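Enquirer: What follows is a single structure, and I will ask about it in a moment.
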Amino acid sequence: MKINFRKKKKIILISIIVILILVGLFNIFKPLPIGVSSSGEIFKVPNDSVTFISDLTFFDNTIDDRIMEQGIFDEVFAMIKNAEKYILIDMFLFNDFQGKENVSFRKLSSELTEILIQKKIDNPEINIIFITDPINSIYGYFENQNINKLLDVNIQVVNTNLKKLRDSNPLYSSIYRPFLQFLPVGLIKLPNPFTNDGSKVSLKAYFTLLNFKANHRKIIVTDYIDRNGDLKMSSLVTSANPHDGSSAHSNVAIKINDYIWKDILKSEYAVIDFSDYAILHPDYKLYKDEEGDVEVQILTEKKIQTSLLNSINKTESGDSIDVMMFYLSDREVVKSLKMAQARGVNVKVILDPNKDAFGRKKNGVPNVAVAREFKKNSNDFQLRWCNTHGEQCHSKLIIISRNDFEEMFIGSANLTKRNIGDYNLETNIKISGKGVSAIKDAKEYFNLAWSDESEKYTTDYDFYKDESLLKYLQYRVMEKTGLSSF
């Protein structure tokens, strides 16, 4: 009997291990939903159809206070107010959670909610679609009042079905998918992980959170009537979230009138479709477009990495690459930047020090580890830190200059395996051309931060320098395995 029992235990254990391995492998390599990981058509639009917009936060020692110069959501709200027939929004963080922060700098989530509601009241026939990530309802275990208010006025809300995406954290997700997701809901209640207001959520919310996957996109598409009386479409893609706890962050955005809206909507309706919502496309024939000399293209998920690496690897001695990034950890991008610097490209990198997250302290990984690698490779590598004071340097911006031809990558994607490896949902825009006003404005934004002797915006590498081998190993393991939130 003992022998048979031991054999049964062994068979059961082996069976469980096999199941976990098969589940893990399948959900790493399974086919992506249709329309995910796409490179859009390269459209040519007029120079004045492309606008760079920014939020910049810094600490002014002369008045001992934080200064916030914000333009992104002011533009988003203006687009909503000017819309006639159609609004589509896809935003990752849409809640009033603040972590351990005691001050809400701007109540962006309720501002956006009220403006959308008022628009629907003023124009009941307008088609408003709001796509978001289930993190905002803590995966269905928390009542998000802003989302409920949108639903109350018949605004269509789409919660992204993250289970359809690949698993970026397979060591954990291979256990979650066959076992943990089926545990009873009310078994244990724990404190809400995103706020200190005393609210609690089911333990299952924590189990879901640890999959570390997201619809991380941040876009809005609306129509409007131009000065000639024509009905046209406008798109804005950004790194900013309508999230109270993120309202003091520095961010960037690009607004584009004409053409590219078609591919942006195609990528967004792919999310609507695989999340099992039946929502009709707008009537494309209603909207007019104009042609110009500036090339614009939507890139999502891993296509961002493919296009960016192609552009970096084309650079030669005398060219320049400017990077401003919240998270930089993707191994292929790190290697390409190191090789570009080695062949004489003028590479400049501004990174967030990864020390603050909504009132909680972080240890600097991955950015301090990647900065260490850049400097170990070449002490001449040019790198500065955002000089943050509780807020984050949340911008995702890369500008590549080759003679008088320039390219800019801008949008939601951090340069990490999770963001540009076909795991998270991301949207970036690539803009290319000569004498593009939006790229000129973005370079001014970058240079303001880079050439900052007063250290209001950035500080020298040595300020947050961290030579810890342990942190470097931590970064490499986390980036490789997916056991991380970056």
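Enquirer: What distance in nm separates the simple spin-label points at S468 and K164, each placed 7 Å from Cα in the Cβ direction?
Expert: In this crude label model, S468 to K164 measures out at 4.0 nm.
Enquirer: With a point put 7 Å past each Cα toward its Cβ, work out how far K100 is from E69 in nm, to one decimal.
Expert: 3.2
Enquirer: Right, next: Going through the DSSP H helices of the chain, which span 27 Å or more along their own axis at the Cα atoms while scoring at least -0.5 as a mean Kyte-Doolittle hydropathy?
Expert: Span-like helices, by this rule, are 2-29.
Enquirer: Oh, and also: Considering the Cα positions of the stretch 296-481, please state its Rg to one decimal place and its Dmax as a whole number of Å.
Expert: 15.5, 45
Enquirer: Using 0.36 nm per residue of separation minus the Cα-Cα distance, give me the extension gain between F179 and F405 in nm, one decimal.
Expert: 76.1 nm
Enquirer: Here is a follow-up. Within straight cross-link reach of K81, meaning Cα distance under 18 Å, which aspartates and glutamates are found once same-chain residues fewer than 8 apart are removed?
Expert: D90, E111, E114, D122, E125, D223, D226, D230
Enquirer: Something else about it: Can you give the percent of C-alpha pairs in the stretch 65-159 whose distance is more than 24 Å?
Expert: Looking at the stretch 65-159, the distances longer than 24 Å represent 23 percent of pairs.
Enquirer: Find the centroid of the Cα atoms in the stretch 43-69 and in the stretch 336-410, then give the distance between the two in whole Å.
Expert: Rounded to whole Å, the Cα centres lie 19 Å apart.
Enquirer: In the structure displayed, which of K335/K434; K218/K456; K314/K465; K255/K430 lie more than 21 Å apart, Cα to Cα?
Expert: K335/K434; K218/K456; K314/K465
Enquirer: Let me ask another. Between E295 and S451, what length comes free when the chain is fully extended (0.36 nm per residue of separation minus the Cα-Cα distance, one decimal in nm)?
Expert: That works out to 53.3 nm of additional length.
Enquirer: Mind checking the alpha-carbon convex hull of the stretch 43-286 and giving the volume per residue in Å³?
Expert: Each residue corresponds to 161 Å³ of Cα convex hull volume.
Enquirer: Okay, next question. What size of dipole, in debye to the nearest 20, comes out for the stretch 43-286 about its Cα centre when the only charges are +1 on Lys and Arg C-beta atoms and -1 on Asp and Glu C-beta atoms?
Expert: So the dipole magnitude of the stretch 43-286 works out to roughly 960 debye.
Enquirer: Would you mind checking the pairs K303/K396; K213/K417; K107/K189 and listing those with alpha carbons more than 23 angstrom apart?
Expert: Distance filter (> 23 Å) returns K107/K189.
Enquirer: Could you give the C-alpha radius of gyration of the chain expressed as a fraction of 2.2 N^0.38 Å, taking N as the number of residues it contains?
Expert: 0.99
Enquirer: Roughly speaking, what is the centre-to-centre gap between the stretch 227-287 and the stretch 420-461 when only Cα atoms are used, to the nearest Å?
Expert: The two parts, judged by their Cα centres, are 21 Å apart.
Enquirer: Given all pairs of different Cα atoms, what value in angstroms does the Kirkwood hydrodynamic radius of the stretch 1-96 take?
Expert: Its Kirkwood hydrodynamic radius stands at 21.0 Å.
Enquirer: Further, regarding this structure: Can you give me the distance in nm between label points at D441 and R6, each placed 7 Å from the Cα along the Cα-to-Cβ direction?
Expert: The two pseudo-label positions are separated by 7.5 nm.
Enquirer: Let me ask something else about it. Give me the percent of DSSP beta bridges within the chain that run antiparallel, rounded to the nearest 5.
Expert: 70
Enquirer: Please give me the summed charge of the neighbours of V334: other residues whose Cβ is under 10 Å from its Cβ, Lys and Arg +1, Asp and Glu -1.
Expert: -1
Enquirer: Going by average Cβ density within 10 Å per residue, which order do the peptides 297-310, 65-78, 157-170 take, highest to lowest?
Expert: Ranked by mean Cβ neighbours within 10 Å, highest first: 297-310, 157-170, 65-78.
Coordinate-derived values only; no laboratory data. What you see is a predicted model; the values in this text were computed from it and never measured. So basically every Cβ, Gly included, is an ideal-geometry build from the backbone, and we count neighbours across all protein chains shown.
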